[in-house]
Structures are given as C-alpha cells and as structure tokens.
C-alpha cells in the first residue's frame with residue numbers, strides 16, 4: 001500500500017511538473033522556450049491566413065486547389081493540437097475555453113471539420129467566413145510585444161471618454177442631417193432624414209463620396225461648416241488615448257499568466273490573479 005501511494009504521489013508530481021513546463025512554454029513569453037513557441041505560432045498564423053486569402057482568389061484556387069486544401073488541413077490539425085494542449089495545461093480549462101482567445105481558437109478550426117460532414121452545402125459559404133477569425137490569433141502578439149499591453153490598457157481606460165465623444169458626434173450628425181433634409185429636400189437627393197444623416201456622417205469624417213451633395217447656398221454653407229468641424233474632431237480621440245497611454249506607461253505590467261484561468265495583464269508586483277485569485 002505504501003509503495004502504491006508513493007507511486008501515485010510520484011505520478012501526480014511528474015504530471016504537475018509536466019503541466020507547469022507546458023504552461024510556461026505555451027503561455028509565458030519571458031522564457032526562451034516561450035519566445036520560440038510564440039515565434040513559431042505567429043509564423044504559422046501568418047502562413048495560414050495567407051493560405052485563406054489565396055484560396056479566396058479564383059485563379060489561384062483553380063490552379064492550386066489541392067495544395068491549398070492540404071495546407072488548410074495541416075494548419076487546422078496544428079492549431080487543434082495547440083488548442084488541446086492549452087486546455088490540458090491550464091488549471092481551469094472550461095474558463096479558458098469560454099474566454100475570448102479560447103473561443104477564437106475553437107472557431108478557427110471548427111469550419112474545416114464541419115466541411116467533412118456537410119460537403120457541398122451552401123451553408124459552408126457562411127462557415128468559411130469564420131475562418132477569417134484566424135486573423136485575430138495575431139492579437140496574441142500582445143504578450144510577446146509589451147507595448148501592445150500599454151495600448152490595450154489605454155483604450156480600456158479611455159472607453160468612457162470615447163463613448164461620450166462618439167455620442168456627441170452622433171448627436172451632431174443627427175442635427176445636421178435633419179437640417180439638410182429640411183433645407184435641400186428630396187429634389188437634391190436628401191430624400192429622408194436617415195439618408196441625410198448618412199450624408200452628414202460621410203461629410204464629417206471627410207470621406208466625401210459625392211453621391212449626395214447640397215445644391216443651395218445655405219446647404220453648401222452648412223456642409224462647409226461640417227467639413228471644418230470634422231477636421232477639428234479628428235484630434236479629440238487621439239488626445240484622449242494619448243493621455244491614457246502616458247498613464248499606462250507609468251504602470252508596470254508583467255508578462256505573468258495565471259496558471260488557473262490563463263488571464264494576463266497583472267501588475268509587476270502582483271502575487272495573486274486579480275481575476276480568479278489564484279497564486280501567481
């Protein structure tokens with residue numbers, strides 16, 4: 001009995017050690033093995049995205065259909081193995097599977113497997129679009145490039161200010177669109193308030209499609225005001241994010257990944273995960 005207990009304890013210890021090493025390689029970016037894994041993963045992501053893009057070109061798909069099909073399956077199996085290993089090495093696999101990156105990992109491989117069950121179905125045209133979600137895997141560059149974490153922190157801190165700014169812009173385009181509907185009318189292309197608001201958005205963002213344009217002097221005057229206002233508005237969100245970025249640079253963020261929920265973005269002196277409370 002004692003020998004069996006010792007063997008079980010040894011097996012548990014070796015299994016825990018194996019999971020710790022695997023977690024450090026897959027999730028950590030401050031070790032040579034972790035950096036090498038991230039580099040290989042990033043290259044694989046870029047190659048797989050390139051293959052999906054080439055597959056969308058009719059002439060390339062007609063000449064290299066078999067090759068692209070094989071490449072798609074190769075990266076699908078590779079990312080499937082990576083997804084399984086991530087679930088095995090985290091303490092709470094269900095929580096990781098339901099996280100943003102976990103869902104993206106799953107959605108990036110599911111369409112290829114569904115194509116086996118539903119060959120030739122027109123629904124696959126919709127499912128194939130989900131493969132483009134593989135592009136979002138590039139967001140995993142954030143743990144590898146520390147500056148990306150500062151940018152994410154700045155955007156999160158300024159989201160309320162940006163929301164207020166966007167709400168103010170939306171209010172202005174509604175007002176200007178309604179005015180142009182009254183001033184120009186349907187004979188000049190402003191057939192409804194929503195269409196006039198569309199014109200105001202295009203004009204304020206300085207895009208200027210030209211499909212609708214004011215013909216009266218008063219309407220052209222208001223259009224000129226909107227265009228000048230649009231140039232002034234462009235600098236507002238830039239200033240908001242810049243201020244928050246300066247604050248984010250003053251906060252030190254570690255590359256430590258929680259061993260239980262795989263969350264990131266902890267402070268440099270953090271001892272426990274701020275999301276699940278597990279020891280770091």
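Bear in mind that the values in this text are calculations on the coordinates, not laboratory data. Computed from a prediction, not measured in an experiment: that's the story for all the values here. Every residue, glycine as well, gets a Cβ built from its backbone with ideal geometry; the counts of neighbours run over all protein chains shown.
In nm, to one decimal, how far is the modelled label at residue 175 from the one at residue 242, with both set 7 Å along Cα→Cβ?
Distance between the two pseudo-spin positions: 2.6 nm.
Quick one: give the max-minus-min coordinate of the C-alpha atoms of region 157-250 along each principal axis, largest first, in Å.
Cα extents, longest axis first: 57, 19, 19 Å.
Once both labels are modelled 7 Å past Cα along the beta-carbon direction, what's the residue 110-residue 182 spacing in nm?
5.0
For residue 228 paired with residue 118, estimate the spin-label separation in nm (one decimal), with each label point 7 Å from Cα along the Cα-to-Cβ line.
Each label point lies 7 Å from its Cα, and together they span 5.5 nm.
What is the gain in length, in nm to one decimal, between residue 94 and residue 16 on full extension, counting 0.36 nm per residue of separation less the C-alpha to C-alpha distance?
That pair, residue 94 and residue 16, stretches by 26.2 nm at full extension.
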